[in-house]
Protein chains: 4
Amino acid sequence: MKVAIIGATGYSGAELFRLLQAHPHVDRCDVYSSSQDGVHLSESFPHVGAVDGAVLHKLDIEALAKYDAVFFATPPGVSGEWAPALVDRGVKVIDLSGDFRLKDGAVYERWYGREAAPAAYLKRAVYGLTEWNRDAVREAELLSNPGCYPTATLLGLAPLVKERLIEEDSIIVDAKSGVSGAGRKAGLGTHFSEVNENVKIYKVNAHQHIPEIEQMLGTWNGAMKPITFSTHLIPMTRGIMSTIYAKVKQPFSLNDLIDLYKTSYEDASFVRIRQPGKFPATKEVYGSNYCDIGLAYDERTGRVTVVSVIDNLMKGAAGQAVQNFNLMMGWDEVEGLCFLPTYP
Amino acid sequence: MKVAIIGATGYSGAELFRLLQAHPHVDRCDVYSSSQDGVHLSESFPHVGAVDGAVLHKLDIEALAKYDAVFFATPPGVSGEWAPALVDRGVKVIDLSGDFRLKDGAVYERWYGREAAPAAYLKRAVYGLTEWNRDAVREAELLSNPGCYPTATLLGLAPLVKERLIEEDSIIVDAKSGVSGAGRKAGLGTHFSEVNENVKIYKVNAHQHIPEIEQMLGTWNGAMKPITFSTHLIPMTRGIMSTIYAKVKQPFSLNDLIDLYKTSYEDASFVRIRQPGKFPATKEVYGSNYCDIGLAYDERTGRVTVVSVIDNLMKGAAGQAVQNFNLMMGWDEVEGLCFLPTYP
Amino acid sequence: MKVAIIGATGYSGAELFRLLQAHPHVDRCDVYSSSQDGVHLSESFPHVGAVDGAVLHKLDIEALAKYDAVFFATPPGVSGEWAPALVDRGVKVIDLSGDFRLKDGAVYERWYGREAAPAAYLKRAVYGLTEWNRDAVREAELLSNPGCYPTATLLGLAPLVKERLIEEDSIIVDAKSGVSGAGRKAGLGTHFSEVNENVKIYKVNAHQHIPEIEQMLGTWNGAMKPITFSTHLIPMTRGIMSTIYAKVKQPFSLNDLIDLYKTSYEDASFVRIRQPGKFPATKEVYGSNYCDIGLAYDERTGRVTVVSVIDNLMKGAAGQAVQNFNLMMGWDEVEGLCFLPTYP
Amino acid sequence: MKVAIIGATGYSGAELFRLLQAHPHVDRCDVYSSSQDGVHLSESFPHVGAVDGAVLHKLDIEALAKYDAVFFATPPGVSGEWAPALVDRGVKVIDLSGDFRLKDGAVYERWYGREAAPAAYLKRAVYGLTEWNRDAVREAELLSNPGCYPTATLLGLAPLVKERLIEEDSIIVDAKSGVSGAGRKAGLGTHFSEVNENVKIYKVNAHQHIPEIEQMLGTWNGAMKPITFSTHLIPMTRGIMSTIYAKVKQPFSLNDLIDLYKTSYEDASFVRIRQPGKFPATKEVYGSNYCDIGLAYDERTGRVTVVSVIDNLMKGAAGQAVQNFNLMMGWDEVEGLCFLPTYP
């Protein structure tokens, strides 16, 4: 099995490289970049060391067409332009960018502020929230890997929304993310001295992951209303926590709620539900593909609180991409992902 | 003016010491501790250096009765026991602990899990949320300094609640705090390797600051309902951000909302309201007594988002204590607090 | 292959568990603790999740005697007491503590302040600085795994000392470590608010790793003199950097020096030498078993600077232990350790 | 007293602004920038808030000539160009950049890689290592404020060098710095995700502070030889620790050494010497103008270890600049600097 990573000089690309290097069914993993050509990946990422063959190539459709699968870990716009031609040539494409996540090109253009990919390919793309879309993922030719916030949030909300247990207009998501989610590009917003010892809120009611979350919620329950969604930058490198609040339609017991989640995810290798009174911390999934979920119900207010954590570069990007890749290739979804979080 | 700090070996006590050492009207600031006697404060806190007179004394009612004012920066239960006798002898008491914050002793006992202070003194205690209680603070003999989360949250909510602009049952507070809020006592929960690169939620629906916030909201609008309130531990030392969500009763413009806040706080030296589209970060108040507030309104959901940040050891503890002390002594409330945040 | 970890509730033990869970030749990995019995490991370490069989047992010599290999990740004194009996029963023992590192019991007692293990076992113990002791490791029954600082320091110094290129009395080691090296026990010295935004020096000229380093240097060159060795606590969780200074006996070129290192380590899978002008950072080995080394030579002063980095819990503890375990079992030393660092 | 800060949009400039706003003898502090004009400082630094008059002006020699004193907190080259004209017009200049620190223009050009300031002004400039140059500082018209590393290092070395207690060729300085020392300009080297959980060494034997340190050492003892000097980037915002190693000429007692330091600095308000066995941490001077020093002597090696810590933006930049400014104006050097470190 020969695969390629486009955008290997970014964080998601580097994480893909780490995973695919150790993947039992991948014989060769080549790396491509739009900004560098002929340079070894270790020039950008010394931690990689002198891995054979890890020399960056520039994008070339003929060369790329020869791989079994191609991963895009690129900024907005790149896969929208390049992926269709690869799909047409029979290459399996896994896209970690947002270019194929929104089915409606007009919505994409409103939230991303740029032209959408061709509608036919938006339609063909399969949204890879693995745990809730396994059958479609297995058949996918063009896989659109979910965003980091949507992954944590949707896995946390799915049972409640699908079972119609919460008021459709009551969802508030207060999300916290480590800085690696902002990518490797340098800027004042990711400057250590500005981020360290600091919590910042950003893109209030304006994050491009909002329509992505709402689109999926809408497929689960057509009556869902817009959500309130905030994102906070936390002085850490990896990790996302989505703290989710919603009003229940009628009172239930916490134990029943936790049972519902355990049942919903009983076949999910990477989703772990905490016992009553216990909540996951982001570090408890660090470097792994797990999504850990804890739940609370408050009788005083009739609200449920869901705490869902992932490593944004793993289950929120490269890990889930490999999980989807596994299914697309007909393997067990856990191949190359069977390791515990790195703690502490 | 001679003052004493009880509990100078904790973080709030040390911060009080820093402020009172540089206070223009304090000639002498002595330090007391229940755990140490005859040892210089620099043994616990080397940053203090060889400040003259900073030798810790054990608690002694006769000795303490001679000060003009006494600050308690102590764990629960200490001021509840000692403060009444000092008040009776005419000493002004500023209590940074929670012992006198809840007017109803039964509520205290339920949330704090220990016996409440005598009811008569609970009644006499003035709640020192300075910006909204200046007149009473000026007359206070026993000042109960607000908790860190209530300070950030209540300053962020006051105009909305007092003007009855939000649904009474719609408040959700998602609070984030640095680790110094947990005090100096060592434990696994504050161990660096456990906290660093990590976000944890704790005391979900169970924090003792919930009744404190609800009590004050209730005095502003008797129709207020219970709030949803979550606290998160952030890998930083200082700073609190309260992200507050509420449903508006009827649509309004963001500009009007911001004008309301600016008007509400126009005489408040330490509250700064951000322009539309701008939100404060915790680092922007680091080491200072400011509370910075930003606001958003989302037409899609009809919800307002309030972002309120403080330094938990300053406006959330020692800074506000000095602010209240200033008013109790008849001085300008800004004395000894007129400095900018330390940035970065 | 059945193995046991004693001390699985500490950080090195947890890291061993992570590695051995994914080890291709380990069928079963049981966990033991002197402080807990009958409790699942996930009570101490939620990141582990519901791994089957990970219930803590108390130490029992009969039970332990049935394993093929036993790892001690315990505080000083435990393995010194328990390991001999296991060795006598034919169990391979890998000891991550310091109990068997110093050949001279009197030296142990002086630096550790407690009774040494029996002299016969001190003698039998093989010091597992893998790259320089592979043959002995393969035959070892009682393997003494090196300390974290000695591993980084000795790998950085070996070629210089063995080739007698530096003045014997000129070595100064300025080491920096993340906080996980101090273990999981809570104390003021590891309290987040004390460590964050802080650099501290500790155990100046008094660290118990000094005799361990000097012992090994002495076997390479009997003329070596005492070293100057300082350790600094850095506000990070993992990682050690040893910055090593020494005076050269006669001038040489940096390229020759780097060639010497590359040659010395050409068969070492886990040692990577940087090009001239490049130096490794601790994050570039994070979570992996690598030791990365960079070199400089200053003509102005005649001094060489060696920069050697490891992950203290991996190559500095659990990783090297597994590397040694592999050799003791006759496998390739890289089994279960073939993965790139987690970056960023 | 009217003063101006040039370069107020950088970290040292912002720190100067914080100090001068609260300075008892400064009536007005205006801000200048080469990159912005007509914009309020709070656009760059929201923590400043709506301070009256803090609107950035562009550099203009006529306007600047009207101030009593002008501070340059600018990148290399700016003050070298502008300061002479201001000095000629009788304005007191305090330069925080390196432009006037090296007396020999050729040395400047070799280490800074750019043209030196005019030789006449290099000669007139007074090097403001306050504690060792007070008389000259009082008379200075053009004050060259020391670099951050030289301040910590020279204060740590002065008594040893001046008393000729150490071998002239034996000094090794292993320095550690927080990230704010690299300034506010964004780059991969200051990107949070690259710096967090990381220690990096940089500019090995090549830092431009080396000739600055050697120049001053040479004035104290003409026999001094080149030093070995390394700088490490630490995942924290503020703080410098210089760990200094040197060989003593003849054995002495640690108590005598500490007495020498206490005597040397008995009139120094901002230098604090630790007791035997105690060492300062960077956090113990955070936000303050202190330099704290600890000492060790190792009989085994005949080496002394000096640990010297400062806040790089305070004693290492803005704080020492104000201290020098005070002396130049004839005031007590502690004016506006009398506050304890912010801890924790």
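The values are calculated or read from the model by the stated rules, or taken from the named source; none is laboratory data. Everything numeric in this text was worked out from a predicted model, so none of it was measured. Reconstructed Cβ throughout: ideal geometry from the backbone, glycine too, with neighbour counts over all protein chains shown.
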- request: Please find, among C:TYR261, C:TYR265, C:TYR245, the residue that is closer than 30 Å to D:ILE310 by Cα and assigned by TED's automatic domain parsing to the domain that holds C:GLY156.
  value: C:TYR245
- prompt: Which strands (runs of 3 or more DSSP E) sit wholly inside the range B:167-237 and have at least 2 residues that are within 15 Å of the chain's Cα centre (by Cα), of a type in the set (A, V, I, L, M) and at the interface with chain A (Cβ under 8 Å from one of its Cβ atoms)?
  reply: none
query: What is the one condition in (1) assigned to a helix (DSSP H, G or I); (2) over 17 Å from A:ALA317 (Cβ atoms); (3) assigned by TED's automatic domain parsing to the domain that holds A:PRO251 that A:ARG110 does not satisfy?
result: (3)
- prompt: Inside the range C:255-294, can you point out the residues that are of a type in the set (A, V, I, L, M) and under 25 Å from C:PRO344 (Cβ atoms)?
  reply: C:VAL271, C:ILE273, C:ALA281, C:VAL285, C:ILE293
- prompt: Is there a residue being outside any strand (DSSP E or B) and in contact with a Pro (Cβ under 6 Å, 6 or more places away or on another chain) anywhere in the range B:238-253?
  reply: no
statement: Exception for A:LEU155 within (1) more than 16 Å from A:LYS315 (Cα to Cα); (2) buried (at least 21 other Cβ atoms within 10 Å of the Cβ); (3) in contact with a strand residue (DSSP E or B) (Cβ under 9 Å, 6 or more places away or on another chain); (4) more than 14 Å from chain B (Cβ to nearest Cβ) falls at (1)
field: Criterion: in a helix (DSSP H, G or I), within 18 Å of the chain's Cα centre (by Cα) and on the phi < 0 side of the Ramachandran plot - qualifying residue of B:LEU143, B:LEU155
entry: B:LEU155
statement: Subset of the range A:156-208, residues closer than 30 Å to C:PRO235 by Cα, in contact (Cβ under 8 Å) with a residue 40 or more places away in the chain and among the basic types (Lys, Arg), comes to A:LYS176, A:ARG184
query: Name the residues in the range A:263-284 that are more than 14 Å from chain B (Cβ to nearest Cβ) and assigned to a loop (DSSP other than H, G, I, E, B), would you?
result: A:TYR265, A:GLU266, A:ASP267, A:ALA268, A:SER269, A:PHE270
message: Within the range A:160-169, does at least one residue satisfy the condition of being among the acidic types (Asp, Glu), under 26 Å from B:ILE171 (Cα atoms) and surrounded by 23 or more Cβ atoms within 10 Å (Cβ to Cβ)?
response: no
statement: Within the range D:88-119, the count of residues that are more than 17 Å from D:ALA73 (Cβ to Cβ), touching a residue at least 24 places away in the same chain (Cβ under 8 Å) and of a type in the set (A, V, I, L, M) comes to 3
query: If you check C:ILE244, C:ILE240, which single one turns out to be among the β-branched types (Val, Ile, Thr) and under 26 Å from D:SER193 (Cβ atoms)?
result: C:ILE240
query: Among the listed residues B:VAL26, B:VAL31, which satisfies the condition of being touching a residue at least 12 places away in the same chain (Cβ under 8 Å), part of a loop (DSSP other than H, G, I, E, B) and more than 10 Å from chain D (Cβ to nearest Cβ)?
result: B:VAL26
field: Residue list for the range B:318-334, filter: more than 13 Å from every other protein chain (Cβ to nearest Cβ) and not polar (S, T, N, Q)
entry: B:ALA321, B:VAL322, B:PHE325, B:LEU327, B:MET328, B:MET329, B:GLY330, B:TRP331, B:ASP332, B:GLU333
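This table checks each residue for (1) under 12 Å from the mean Cα position of the chain (by Cα); (2) closer than 19 Å to A:LEU96 by Cα; (3) at pLDDT 95 or above; (4) not β-branched (Val, Ile, Thr).
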site: A:GLY287; (1), (2), (3), (4): no, yes, yes, yes
site: A:TYR290; (1), (2), (3), (4): yes, yes, yes, yes
site: A:ILE293; (1), (2), (3), (4): no, no, yes, no
site: A:ASP298; (1), (2), (3), (4): no, no, yes, yes
site: A:VAL304; (1), (2), (3), (4): no, no, yes, no
site: A:ASP311; (1), (2), (3), (4): yes, yes, yes, yes
site: A:GLY316; (1), (2), (3), (4): yes, yes, yes, yes
site: A:GLN320; (1), (2), (3), (4): yes, yes, yes, yes
site: A:ASN326; (1), (2), (3), (4): no, yes, yes, yes
message: Anything in the range B:113-132 that is in a loop (DSSP other than H, G, I, E, B), surrounded by fewer than 20 Cβ atoms within 10 Å (Cβ to Cβ) and of a type outside the set (Gly, Ala, Ser)? List them, or say none.
response: B:ARG114, B:GLU115, B:PRO118
statement: Being surrounded by fewer than 18 Cβ atoms within 10 Å (Cβ to Cβ), within 14 Å of chain B (Cβ to nearest Cβ) and over 20 Å from D:ASN145 (Cα atoms) narrows D:VAL39, D:VAL55, D:VAL48 down to just D:VAL39
message: Filter the range B:291-336 down to the residues that are touching a His at 6+ places or on another chain (Cβ under 9 Å) and farther than 25 Å from B:ASP174 by Cβ and list them by number.
response: B:VAL322, B:PHE325, B:ASN326, B:MET329, B:TRP331, B:GLU335, B:GLY336
- line: Within the range B:257-303, the residues that are touching a residue at least 24 places away in the same chain (Cβ under 8 Å), among the small types (Gly, Ala, Ser) and over 28 Å from B:LEU19 (Cβ atoms) are B:ALA296, B:GLY302
- prompt: (1) surrounded by 24 or more Cβ atoms within 10 Å (Cβ to Cβ); (2) under 23 Å from A:ALA281 (Cβ atoms); (3) touching a residue at least 40 places away in the same chain (Cβ under 8 Å): which one isn't true of C:THR9, the others all being true?
  reply: (1)
task: Of the numbered conditions (1) outside any loop (DSSP other than H, G, I, E, B); (2) crowded, with 22+ Cβ neighbours inside 10 Å, A:VAL87 fails exactly one; give the number of that condition.
output: (2)
- prompt: Would the range D:223-232 turn up any residue that is surrounded by 15 or more Cβ atoms within 10 Å (Cβ to Cβ), in contact with a Pro (Cβ under 8 Å, 6 or more places away or on another chain) and among the aliphatic types (A, V, I, L, M)?
  reply: no
